[in-house]
1. Sort L17, L42, L59 so that the residue with the fewest other Cβ atoms within 10 Å of its own Cβ comes first and the one with the most comes last.
2. For M98 and A133 in one chain, what is 0.36 nm times their gap in residues minus the Cα-Cα distance, to one decimal in nm?
3. Between the alpha-carbon centers of the stretch 42-79 and the stretch 119-140, tell me the distance in whole angstrom.
4. Kindly provide the helix-only [θ] at 222 nm of the chain, computed as the sum of -39,500 (n - 2.57) over DSSP H runs of four or more divided by all residues, to the nearest 500 deg cm²/dmol?
5. For the chain, what's the relative contact order in percent, using C-alpha pairs closer than 8 Å and at least 6 residues apart?
6. Sorting M107, M99 on the 10 Å Cβ count, fewest up front, what's the list?
7. Quick one: S43, S105, fewest Cβ neighbours within 10 Å first, how do they rank?
8. Work out the length of the dipole vector of the chain about its Cα centre, built from +1 on the beta-carbon of each Lys and Arg and -1 on the beta-carbon of each Asp and Glu, and round it to the nearest 20 debye.
Amino acid sequence: MTDDAPPQPARYGFFRLLLPLIGMFGIAAAWVLLAIWRDSMLSAFAFVVAIDLVLMVRLARLPRGTARGAIAAGGTLLAIVIANGWLMAARVGLLLGMMPWEGISLMGPGFAWTLAQLANDGRDLACYIAAIALAGWWGR
């Protein structure tokens, strides 16, 4: 007996979206560790973030289309924001003689925004925007 019914299309379930979410936090943590080690912002690492999120949405077998590209681009944007916030908190923590992760409790959104504006220049923002656009394009 053969079943000639077409396969059901893939859906956006919680577990399918969990893989890009885990990938987003993991690559943001790797970015922060590498940036602290190199003592720079490493804005070009945003392209690695974009590639990671594109791979994660494909590994999660999300349906092709603009929604998958939007998930990859949105995940890249969130990873950039999270990495910048963690990096600012780590630098403040280190300057105050604390462990890098202890600086997170000192950071508010306004303080993190001010420090991120001081640390990022136009080249960094261009890398971030290009990485988000490429993640959206490649993620489709």
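1. Values: L17 16, L42 19, L59 12.
So the ranking, lowest neighbour count to highest, is L59, L17, L42.
2. 8.9 nm
3. 11 Å
4. Numbers: 5 runs with 99 residues, N = 140.
Mean residue ellipticity at 222 nm (helix-derived): -24500 deg cm²/dmol.
5. 33 percent
6. Details: M107 18, M99 9.
Sorted ascending by nearby Cβ count, the order is M99, M107.
7. Details: S43 21, S105 9.
Ordered from fewest to most neighbouring Cβ atoms within 10 Å, S43, S105 come out as S105, S43.
8. Numbers: 10 positive and 7 negative charges, 59 e Å.
The calculation lands at about 280 debye.
A short reminder: the numbers here are calculations on the coordinates, not readings from a lab. Given the structure is predicted, the values throughout are model-derived calculations rather than measurements. Cβ coordinates were reconstructed from backbone atoms using ideal geometry, including for glycine residues, and neighbour counts include every protein chain displayed.
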